[in-house]
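Report on the structure given below.
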Amino acid sequence: MIPSKQKVLEILKDVVYFPKGSNIVDAEMVKDIEVGENLVRFKLVLDDVDDEKNKFVVENAKKILNDNFGDIDVDIIPTAPVTMLSKVKHIIAVASGKGGVGKSTVAVNLAVALATQGFRVGMLDADIYGPSVPIMFGTEGVQPECYDKDGKTYMVPVQKFGIKLMSIGMMVDPSQPLIWRGPMATSALTQLMTETDWGEIDFLVVDMPPGTGDIQLCLAQNFKVSGSVIVTTPQKVAFADVRRAANMFKHKGVSIPVLGLVENMAYFTPSDMPDKKYYIFGQGHGKEFAEELGIPFLGAIPMDENIASAGDKGTPYTFGNFGPVTAAFEKVARKVIELI
């Protein structure tokens, strides 16, 4: 017998997909149904094709179809959803346990270091309440262009220094505070991620807000993140919060690989004496912190009086500047590439 496509859909409504709180048909997970003599074939769209728990859904769908149509050949093809992130190879989250450690500076200059090594790079400012990427890239007042496709509106990221940029700071008045509850902030992050036309890029660097809140959980639970980079300063008071951030990513409910630790402001190097190193906060703390957490030490970033001014002027320091700081960021970038 040849089953009808409509009948197949009706039967598959009995297959529940608990993560979405719906059946696989109403959740629009069943695509491209083919029917033939004793054959039913379709694609099953899954957020994570490699998740072992999805085997239960596939087997359940096969059983229900066989119970209704007899012993027919059921071919179910698990398929990843086609989204604006489909051509993004790797998502890297740059995070810290507390503010003031230079997380955004590290994220921005890591993105530039990856781009200068020939990779296609995008950067998302996920610090919804305190976006700083527009300032650090000199794109304040620049708004992304938009276009409509299949009834939806998509944003085209702003490009600067060869990097595709997106930030909530490009769409709101920078003088007005965002007084949003958690669900509004996570909804904004999801829109920035999925409704931006990123195109084909190798790395999407995500500048996370400090702490271990809703934004971090939203990114972990809804997107496939290749790894996280944790930023700290040498002081033990900073590391106390960094430990929480690293442990959050390791938590089984989050499970984002921690690529390693970056020690920012590790020592002071005067721009006119690049061979000098002044360990103002003590030496070797970053390596000690990484060993305690059981993660790789990616590198130590020196302080330079020109780093902050470069960011304030809208040109990341590593773009066009050569010296200890740029070399340190390039070293971190190479280690990130190797680990991924």
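Here are the numbers:
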{"item": "Test: residue in the range 247-269 that is in the same structural domain as Ile135 (by TED's automatic domain parsing), in contact with a helix residue (DSSP H, G or I) (Cβ under 8 Å, 6 or more places away or on another chain), among the aliphatic types (A, V, I, L, M) and surrounded by fewer than 21 Cβ atoms within 10 Å (Cβ to Cβ)", "result": "yes"}
{"item": "Test: residue in the range 166-187 that is part of a strand (DSSP E or B), surrounded by 21 or more Cβ atoms within 10 Å (Cβ to Cβ) and at pLDDT 80 or above", "result": "yes"}
{"item": "Some residue of the range 296-311 being part of a loop (DSSP other than H, G, I, E, B), in contact with a helix residue (DSSP H, G or I) (Cβ under 6 Å, 6 or more places away or on another chain), in contact (Cβ under 8 Å) with a residue 12 or more places away in the chain and not hydrophobic (A, V, I, L, M, F, W, C)", "result": "yes"}
{"item": "Identity of the residue in the range 64-83, touching a strand residue (DSSP E or B) at 6+ places or on another chain (Cβ under 9 Å) and surrounded by fewer than 16 Cβ atoms within 10 Å (Cβ to Cβ), that ends up nearest to Ile340 (Cα to Cα)", "result": "Ala80"}
{"item": "Selection count where residues are closer than 30 Å to Ala80 by Cβ, touching a residue at least 40 places away in the same chain (Cβ under 8 Å) and part of a loop (DSSP other than H, G, I, E, B), scope the range 210-252", "result": "5"}
{"item": "Residue count, the range 13-34 (criterion: touching a Lys or Arg at 6+ places or on another chain (Cβ under 7 Å), free of Cβ contacts under 8 Å to residues at least 24 places away in the same chain and closer than 18 Å to Asp75 by Cα)", "result": "3"}
{"item": "From Ile135, Ile92, residue being touching a residue at least 60 places away in the same chain (Cβ under 8 Å), within 25 Å of Thr233 (Cβ to Cβ), assigned to a strand (DSSP E or B) and of a type outside the set (Ser, Thr, Tyr)", "result": "Ile92"}
{"item": "Qualifying residue in the range 24-38 (condition: assigned by TED's automatic domain parsing to the domain that holds Trp198, in a loop (DSSP other than H, G, I, E, B) and among the polar types (S, T, N, Q))", "result": "no"}
{"item": "Some residue of the range 271-281 being free of Cβ contacts under 8 Å to residues at least 40 places away in the same chain, basic (Lys, Arg) and exposed (fewer than 14 other Cβ atoms within 10 Å of the Cβ)", "result": "yes"}
{"item": "Options Phe161, Phe119; residue that is buried (at least 17 other Cβ atoms within 10 Å of the Cβ), in the same structural domain as Lys335 (by TED's automatic domain parsing) and modelled with pLDDT of 95 or more", "result": "Phe119"}
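The values are calculated or read from the model by the stated rules, or taken from the named source; none is laboratory data. The model shown is predicted, which means the values in this text are computed figures rather than measured ones. Cβ coordinates were reconstructed from backbone atoms using ideal geometry, including for glycine residues, and neighbour counts include every protein chain displayed.
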